[in-house]
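See structure below.
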Amino acid sequence: MTTERITFAKAINSGLRRALEQDPKVLLMGEDIGALGGVFRVTDGLHKDFGPDRVVDTPLAESGIVGTAIGLALRGYRPVCEIQFDGFIFPAFDQITTQLAKMHYRSQGRLTLPVVIRVPFGGGIGAIEHHSESPEALFAHTPGLRVVSPSNPADAYAMIQQAIASPDPVLFFEPKVRYWDKADVDLETPAEPPHTDAAPTGLDRARVLREGTDVTLIAYGPSVAPALKAAATAAAEGTSVEVIDLRTISPLDTDTLVASVRKTGRCVVAHEAPVLYGTGAEIAARVTERCFFHLQAPVLRVGGFHVPYPVAKIEQDYLPNLDRILEAIDRTLTF
Amino acid sequence: MSPAEHLADAGLVQLLTPAGERVDHPVYSPLAAHLDGDALRAMYRDMVLVRRFDNEATSLQRQGELGLWAQSLGQEGAQVGSGHALAPQDYVFPSYREHGVAQTRGVDLANLLRLFRGIDHGGWDPTAHNFHLYTLVIGSHTLHATGYAMGVQRDGLVGTGDPTRDTAVVTYFGDGATSQGDVNEALVFAAVNNAPLVLFCQNNQWAISEPTTRQARVPLADRGLGFGVPSVRVDGNDVIASYAVTAEALERARSGGGPTFIEAFTYRMGAHTTSDDPTRYRSAAEDEYWRQRDPIDRLRLHLEQTDELPAAFATDLEAEAVALGERIRSTVRSWGPPTPASMFDHVYASPNSVVDSERAWFESYESTFAPTQGGAR
Ligand SMILES: Cc1ncc(C[n+]2csc(CCOP(=O)(O)OP(=O)(O)O)c2C)c(N)n1
Ligand SMILES: [Mg+2]
């Protein structure tokens, strides 16, 4: 086992490199991902090492990127598209939802589209408009897509490889606020198969990051770090919080969530996206259905308000930060 | 003046007049010179069979056997002519009206009707015929064709000089589709990648009720030029010219010369679909103008004038068309609905816990209905 201390961005870079090395059909496509290495440098060095036919600087057209990726996949390639920022995925929304998501279905399983769409998402980096959004629920609402989001470098490294190995299209949401986080990552051990019940860290699985007995706290992507902090703070105040990193938004690993809530009787979900019709709403419904007689309190959600993502100077008041998560935990304890 | 006449101009490539006479064109005649009686009769046969099929499908819709039907009526010249120029290894991305191209790719025409009967979103194996599924979101498949062509390039199947290996991709779309962003992005991606792609636009003068003048103030072929893509306008009701311009474009693509935009000037002689009422937006005079330019009549006149339509061939073809119609009718009527639980099939290629649990719930719910009532539900 060779572990290396690397950033989240470097972990994805290493996972992409490994996929490019292992499968000649893998190719990367996106805006400025070549010589520049992407605006976040996630593809740094790959253009130099794999050439312009495998690390492709595309025209500036997101529908074109995803649409041509579909065609390449139909020809046997495994394209990994980079959407430069969350707020710029919408020109590709039609290709993703009406074409990419449905091709396997409408061809009666004759055609598969192993396409990965990487999306740097979320806020907290002081960005201007359209650069801090969390559109994951729009895709989780679409049958035929898988939607995942790693929260740490080790998962980022494994999950990007699992996403590329998936026969189904995967929306891969990368929490851009975490790009510079460092952690020890095992770069040698191969990633587990993406979708088997036997794989505890497959692309289908949520993971309990911290065990607890009083409240279950569910988060993913950028919100996992504040969730862990909240659990540590609550522990100091005598509340035992179990933290679950969702990892997969579609499909939901409901069993893992239910097992935890049946134990704790309380549940809080935190994400940056607006809570109205969001991932937390879906989790609340499913947990309530299956844990009705175990619940001591209604499932609470902490997340974005029903407002456009606000200006950078006040974004910390919009995000589900430590204080707001703790407030929700306190509220569940008052029932 | 009909919109058609307004946009028609002398730049149209024509090798066969509406009266059935061959005309010379310095560039394109040589590309059609090898088409002998057999080759022209093969095109004629395909056009006649597709029209019969198309009429049967319209009738089936009227009888309630199909939910909807989109006719190819009047566009057989553009479709069959271009289809005959394709090599087996070429790949086609059609829109939803390319029944004539499907015929040239060996797709069982009956299977085109599964979609319209509401029993399948697709209906055939695209890879068995190198003929992709129909796409209903206007223009979106032109990007798939472009990406597919970029894959062909990466496979090293362009410019090898081996005619059995060099591969081109063709995508079909309408005049209305040229306004879509995806078609314009397809032109950009194809151009900068020099992709082996033919963008075959059938300008049938109408996008449902909107004439081509609502999509463009220049001939559609001029669009291609703006992207640096060689472009040509062809008389789409001239099957020989449609063949020749497509053959040239395919050769350019296969040899590494990149994409070509073809505007096939033709006419949608039928309604947009069986749900449409063209009398609300176009004149009987316009219909009549185009009826005089019917692509099938044109080739038949030519074959007759050149003594290439033996009576026995015509009789056999009529019998074949009748038999096709009968087979289409009985096949379509024999298709029952899929099982309700089949809606859960193939949502994902890998196991999916959400779909699996919803299917399990649905099946147990279904099983609560007594078998005696089950059939009636
Ligand atoms: C994106 C999209 N918008 C609208 C429609 C509805 N629609 C179906 S066909 C059509 C007209 C298409 O015209 P054209 O591209 O000229 O093709 P034609 O039907 O004439 O072959 C429209 C508006 C659609 N299918 N897709
Ligand atoms: Mg049209």
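Take B:232-239, A:318-325, B:157-164 and order them by the average number of nearby Cβ atoms within 10 Å per residue, most first; the result is B:232-239, A:318-325, B:157-164.
Chain A against chain B buries an accessible area of about 3600 Å², both chains summed, 1.4 Å probe radius.
Which value, in debye to the nearest 20, describes the size of the charge dipole of the protein assembly as shown about its Cα centre when Lys and Arg Cβ atoms bear +1, Asp and Glu Cβ atoms bear -1, and nothing else is charged?
On the way: 62 positive and 89 negative charges, 212 e Å.
Dipole size: approximately 1020 debye.
Centre-to-centre separation between the Cα atoms of segment B:46-111 and those of segment A:181-253: 54 Å.
Which one, B:Pro310, B:Leu220, A:Ala231, is farthest towards the positive end of the dipole of the protein assembly as shown when Lys and Arg carry +1 and Asp and Glu -1 on their Cβ? With unit charges placed on the Cβ atoms, the residue in question is A:Ala231. Would you list which lysines come within 22 Å of A:Lys313, measuring only between C-alpha atoms, while excluding same-chain residues fewer than 8 positions from it? Straight-line reach from A:Lys313, under 22 Å: A:Lys176. For the pairs A:Lys182/A:Lys229; A:Lys25/A:Lys48; A:Lys10/A:Lys102, flag any whose C-alpha to C-alpha distance is greater than 28 Å. Over 28 Å apart, Cα to Cα: A:Lys10/A:Lys102.
In segment B:253-288, which chymotrypsin sites (Phe, Trp or Tyr not before Pro) are in a loop and have at most 11 other Cβ atoms within 10 Å, using DSSP for the loop call?
Values: sites: B:Phe261, B:Phe265, B:Tyr267, B:Tyr281; in loops: B:Tyr267, B:Tyr281.
For chymotrypsin sites (Phe, Trp or Tyr not before Pro) across segment B:253-288 that sit outside H, G, I, E and B with at most 11 neighbouring Cβ atoms in 10 Å, the list is empty.
Other residues whose C-beta falls under 10 angstrom from the C-beta of A:Ala270 contribute a net charge of +1, scoring Lys and Arg +1 and Asp and Glu -1. The amide H of A:Leu27, built 1.01 Å from its N in the peptide plane, has A:Arg78, A:Val80 as neighbours under 5 Å, considering only residues 5 or more places off or on other chains. Label reach from B:Arg22 (point 7 Å along Cα→C-beta): in segment B:289-303, amide nitrogens under 13 Å belong to B:302-303.
Against chain B, whose longest principal axis is taken from its Cα atoms, helix B:181-193 shows a tilt of about 60°.
The phi torsions of segment A:124-129, fed into the Karplus equation with coefficients 6.51, -1.76 and 1.60 and a -60° offset, translate into couplings of x, 10, x, 8, 7, 3 Hz, rounded to whole numbers, with Gly and Pro shown as x. Other residues lying with their Cβ under 13 Å from the Cβ of B:Pro196 contribute a combined charge of +1, Lys and Arg counting +1, Asp and Glu -1. The angle separating the long axis of helix A:254-264 from the principal Cα axis of greatest extent in chain A is about 20 degrees. Toward the positive end of the charge dipole of chain B, with +1 on the Cβ of Lys and Arg and -1 on the Cβ of Asp and Glu, the farthest Cα among B:Phe344, B:Tyr365, B:Ala186 is that of B:Tyr365. Spin-label model, B:Asp307/B:Glu288: points 7 Å from Cα along the beta carbon direction are separated by 3.7 nm. Available extension along the chain between B:Ile119 and B:Ser357 is 83.3 nm, counting 0.36 nm per residue and deducting the alpha carbon span.
Counting pairs of alpha carbon atoms under 8 Å apart in space and at least six apart in sequence, what relative contact order in percent does chain B give?
Details: 650 pairs, mean separation 88.9, N = 377.
Relative contact order for chain B comes out at 24 percent.
Provide, for q = 0.10 Å⁻¹, the log10 of I(q)/I(0) from a solvent-free Debye sum over equal Cα point scatterers in the protein assembly as shown. Evaluating at q = 0.10 Å⁻¹ gives log10 I(q)/I(0) of -0.99.
Note on A:Ala312 and A:Thr334: their simple-model spin labels are 3.6 nm apart, each label 7 Å out from Cα toward Cβ.
Explain nothing, just the number: relative contact order of chain A, from Cα pairs under 8 Å at least 6 residues apart, as a whole percent. The value is 16 percent.
Annotation: amide H-H contacts under 5 Å for A:Ala273 (H modelled 1.01 Å from N, sequence separation of 5 or more, or interchain): A:Gly304. Kirkwood Rh over alpha-carbon pairs of segment A:152-233, then Stokes-Einstein at 4 °C and 1.567 mPa s: what D in µm² s⁻¹, rounded to an integer? Result for D is 91 µm²/s. Working note: Debye formula, equal point scatterers on the alpha-carbon atoms of segment A:235-275, no solvent; log10 I(q)/I(0) at q = 0.19, 0.20, 0.25, 0.29 Å⁻¹ is -0.69, -0.75, -1.02, -1.16. Please grab the % of Cα pairs in segment B:210-257 that end up more than 12 Å from each other. So the portion of pairs separated by more than 12 Å is 70 percent. Scanning residues 5 or more positions from A:Ile244 or on other chains, those with amide H under 5 Å from its amide H are A:Leu209, A:Leu217, A:Ile218, A:Ala219, with H placed 1.01 Å from N in the peptide plane.
The values are calculated or read from the model by the stated rules, or taken from the named source; none is laboratory data. The structure displayed is predicted, hence computed values, not measured ones. Here the Cβ is made from the backbone with ideal geometry for all residues, glycine too, and neighbour counts use every protein chain on show. What goes into the accessible areas is simple: the full protein's heavy atoms, side chains included, and nothing from ligands, DNA or RNA. Shrake-Rupley method; radii C 1.70, N 1.55, O 1.52, S 1.80 Å.
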